[in-house]
Amino acid sequence: MLVKTHYLAEGCILSKDIKGLTDRPIMYEKTILTKELIKTLQAFLITEVSVEKTLIDGKKFLSKEVIDNELVEIEEFSNFTNLYLKSVQTYKSLFKNWQAGSKVEVAMIRSILIPLVDKVLEKPGNILILHHYCNKEDYMYHHAISTGLIGGYIAFKIQCDLADVYQVAIGGCLADCGMAKLSPRIFNKTTSLTVEENKEIHNHPIFSYKMIKDSSIIKDSVKLAILEHHGRLDGTGYPQTIKTKSMHVFSKIIAVADVFHAMTSERLYRKKQSPFKVMEMILHDDFGKFDLAVVKTLLSGLANFSIGSKVKLNNGSIAEIVFIDPSSQTRPLVKVVDNEQIINLGINRELYIEEIL
């Protein structure tokens, strides 16, 4: 909806790029507004902007004045965004209940995830925007919902039946529910974890498994995947070394979905990285740790719905993805916005996509 700049609030999400005197945007669609960014808009004399109807915390944005609801143009995007943000807040509430000793409500998780999975399958491009909404403070809750959605998408692309797609999504969402049993001090750390804290973290898959093992809603293979999602094909990982042959395909899917979202998200002690950079790291730096077919399935999906996306390169240039070579999907051809120069990132190895805008 289009609103006056002076009615904006922290947590508003831009639904359109904001342009100044030139064609180059001052801020991009999906930017989460802070007090500082709102002041920047006012400094640029921007009088009105288009924002989502939902704030980043899942609450409805109630502006004192709405210039234009813009319902037709952004309805599809808003529906997914609103549903996603509300689901994150629902999960957050459930997680706090688990911290207080309540049982895991698997039926509730299923009810909030299935509508989101259906929307992702209808419009897979929604996968590409998940990391934009993940703020540091609520990282764990965004991570749960997003891991479920990414896992469900991968399961669908490798031709699992729809029932298993939903099962994998539920498993991905609940993979970290055992974090509720860990010391609260870990959640608020702004620095890297100590050796002892890492040991404590490594127990969370066991806690997650124990919390859902008696559920009749989750298949045994998905329960196993929750236990194994931090296992690696080369025998590393935790909570125990897992040999290649013993990892179930659902475990392999959730493992990739989990690490992909974690690395593309802003966290208290780590900056986010672009999906393309992360996939390149998984393929090369972590070669042998993840199932290659699962990794390539996710990468192929990202490539398919990334054409036309605006990106920021590591040299600061803003560009548009114009072509993706199937043999080099993490390094597409891009066109620089300012001068329309075409750059083949597969050849220009010193450049890479720093952020998808």
### Query
Of Lys64/Lys310; Lys4/Lys35; Lys53/Lys96, which pairs sit farther than 22 Å apart, going by alpha carbon to alpha carbon?
Lys64/Lys310; Lys53/Lys96
### Task
Report the far tail of the P(r) of the stretch 259-357, meaning the percent of Cα-Cα pairs longer than 20 Å.
35
### Query
So how much slack lies between Asp286 and Ser300, counting 0.36 nm per residue of separation and subtracting their Cα-Cα distance, in nm?
3.2 nm
### Options (i) 24.9, 79; (ii) 25.1, 85; (iii) 20.6, 61 - which one matches Rg and Dmax of the Cα atoms in Å as calculated here
(iii)
### Helical contribution to [θ] at 222 nm, DSSP H n ≥ 4, -39,500 (n - 2.57), averaged over the chain, rounded to 500
-13500 deg cm²/dmol
### Query
With the calculation restricted to Cα positions, what are the radius of gyration and Dmax of the stretch 91-208 in angstrom?
15.0, 44
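Assuming a ≥ b ≥ c are the square roots of the Cα gyration tensor eigenvalues, decide whether the stretch 177-305 counts as rounded (a/c under 1.5), prolate (otherwise, with a/b larger than b/c) or oblate.
oblate
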### Query
Lys/Arg Cβ at +1, Asp/Glu Cβ at -1, dipole of the chain taken about the Cα centre: which of Ile201, Ile150, Gln89 is farthest positive-ward?
Ile201
### Task
Determine the relative contact order of the chain: mean sequence separation of Cα pairs under 8 Å and six or more apart, normalised by residue count, in whole percent.
12
### Estimated FRET transfer efficiency (Lys59, Ser192; beta-carbon r; R0 30 Å; 0.05)
0.40
### Message
How much accessible area per residue does the stretch 179-317 have, counting only protein heavy atoms and a probe of 1.4 Å, in square angstrom?
### Response
46
### Task
Would you mind checking the stretch 216-233 for residues with the amide N under 19 Å from a putative spin-label position 7 Å along Cα→C-beta of His202?
226-233
## Note on the structure
Net charge (Lys, Arg +1; Asp, Glu -1) of residues whose beta-carbon lies under 14 Å from that of Ser317, Ser317 excluded, is -2
### Message
How tilted is helix 162-174 with respect to the longest principal axis of the chain? Cα atoms for both, answer in degrees (0 to 90, nearest 10).
### Response
90
### Message
Test of understanding: what is the full-extension gain from Ile342 to Ser93, defined as 0.36 nm times their sequence separation minus their Cα-Cα distance?
### Response
84.9 nm
### Summary
Simple SL model, points at 7 angstrom along Cα→Cβ for Asn315 and Asp214; separation in nm is 6.1
### Query
Ser183 label point, 7 Å along Cα→Cβ, cut-off 17 Å on backbone N: hits in the stretch 139-155?
none
### Task
Count the lysine pairs in the stretch 98-193 whose Cα atoms lie under 25 Å apart, taking only pairs 8 or more positions apart in sequence or on different chains.
6
#### Entry: Computed label-point distance, nm, for sites Phe44 and Ile307 using a 7 Å Cα→Cβ extension
3.0
### Message
What distance in nm lies between label points placed 7 Å from Cα along the C-beta direction at Lys103 and Arg267?
### Response
3.2
#### Entry: Of all accessible heavy-atom area on the chain, the percent that carbon and sulfur account for (1.4 Å)
51
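Work out, step by step, the length gained on full extension between Ser327 and Thr34: first 0.36 nm times the residue separation, then minus their alpha carbon distance; give nm to one decimal.
101.5 nm
The values are calculated or read from the model by the stated rules, or taken from the named source; none is laboratory data. A quick note: this is a predicted structure, and the numbers were derived from the prediction, not measured. Here the Cβ is made from the backbone with ideal geometry for all residues, glycine too, and neighbour counts use every protein chain on show. We work out accessible area using only protein heavy atoms, side chains counted, and drop any ligands, DNA or RNA first. Shrake-Rupley method; radii C 1.70, N 1.55, O 1.52, S 1.80 Å.
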